[in-house]
Amino acid sequence: MAGQSAVSSDLDSDMPGALPLSGWRAKARRRPMRYRVVVVAPRAADVVRYAGGWLFDHASAGWEVSVLLADREDDRPLEILGATSMDLAPALALSEPEIWPDVIAVTVEAYLADARVRTGVLSCLDSGNARVLVWGSDLPGELAGRLHPAEHRVSMAAQAFKSCALRAAGCPGEAAEPREAMLVGH
């Protein structure tokens with residue numbers, strides 16, 4: 001196909017709208033001073049539902065927003081919010097990240113599902129290398145007392161885009177609320 005690389009690897013996704021891991025790394029190296037958010041979640045619908053407004057507000061403020069998903073069925077809801085999605089497994093396979101994000105947001109489900117995610121979150125909390133946001137129920141004991149409740153006031157624009165993203169994610173009856181709750185740690 002025209003415009004596509006003749007060389008492909010299992011680290012690079014061919015899903016439309018997705019940025020291959022190698023492409024994201026090259027883009028990040030070209031913009032070393034840009035603020036970065038990395039979200040780790042099982043599915044796009046989870047991100048849109050619980051942090052879609054927060055995600056959009058950061059993307060529209062100029063942050064580079066990347067979402068690492070365990071199950072990438074459809075990138076469209078995240079594209080609507082201004083985020084780039086990538087497969088979780090190849091990103092976690094990197095021995096040492098070249099570019100460290102300023103904020104890491106993770107669902108409790110993703111935290112519990114992979115020891116590498118747990119290690120990364122705990123390392124960030126211990127070192128203060130990145131701000132950590134967590135959302136979901138049944139917070140694990142090792143995070144208790146290390147995170148405090150916070151709310152993000154979702155802009156009107158973010159509410160509108162989140163509504164569109166919710167429909168694209170297969171959640172048409174859900175409303176884009178003016179506030180999103182999460183737990184935050186440094």
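Numbers below:
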read-out: Odd one out for I99, checked against (1) at pLDDT 85 or above; (2) part of a loop (DSSP other than H, G, I, E, B); value: (1)
read-out: Only listed residue being acidic (D, E), over 19 Å from S66 (Cα atoms) and open to solvent by 70 Å² or more (accessible area, probe 1.4 Å), chosen from E151, E109; value: E151
read-out: Condition met for I104 (surrounded by fewer than 20 Cβ atoms within 10 Å (Cβ to Cβ), of a type outside the set (K, R) and within 17 Å of the chain's Cα centre (by Cα)); value: no
read-out: Search result, residues across the range 46-63 that are closer than 10 Å to G82 by Cβ and open to solvent by less than 10 Å² (accessible area, probe 1.4 Å); value: L55
read-out: Count - residues of the range 59-96 that are more than 22 Å from E180 (Cα to Cα) and part of a loop (DSSP other than H, G, I, E, B); value: 6
read-out: Those strands (runs of 3 or more DSSP E) lying entirely in the range 120-186 with at least 2 residues farther than 23 Å from R72 by Cα, touching a residue at least 12 places away in the same chain (Cβ under 8 Å) and charged (D, E, K, R); value: 148-153, 179-185
read-out: Matching option when the condition is in contact with a helix residue (DSSP H, G or I) (Cβ under 6 Å, 6 or more places away or on another chain) and of a type in the set (V, I, T), among V184, V154; value: V154
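Listed here are the residues, each with its yes/no results for (1) under 19 Å from G185 (Cβ atoms); (2) buried (at least 18 other Cβ atoms within 10 Å of the Cβ); (3) at pLDDT 95 or above; (4) of a type in the set (A, V, I, L, M, F, W, C).
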{"site": "V39", "(1), (2), (3), (4)": "yes, yes, yes, yes"}
{"site": "V65", "(1), (2), (3), (4)": "no, yes, yes, yes"}
{"site": "D75", "(1), (2), (3), (4)": "no, yes, no, no"}
{"site": "A83", "(1), (2), (3), (4)": "no, yes, yes, yes"}
{"site": "R116", "(1), (2), (3), (4)": "yes, no, no, no"}
{"site": "A144", "(1), (2), (3), (4)": "yes, no, no, yes"}
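The values are calculated or read from the model by the stated rules, or taken from the named source; none is laboratory data. It should be emphasised that the depicted structure is a prediction, and the values quoted were computed from it without experimental measurement. Glycine gets a Cβ as well: all are built from the backbone with ideal geometry, and neighbour counts include every protein chain shown. Side chains are part of the model used for accessible areas, which takes the heavy atoms of the whole protein and leaves out ligands, DNA and RNA. Shrake-Rupley method; radii C 1.70, N 1.55, O 1.52, S 1.80 Å.
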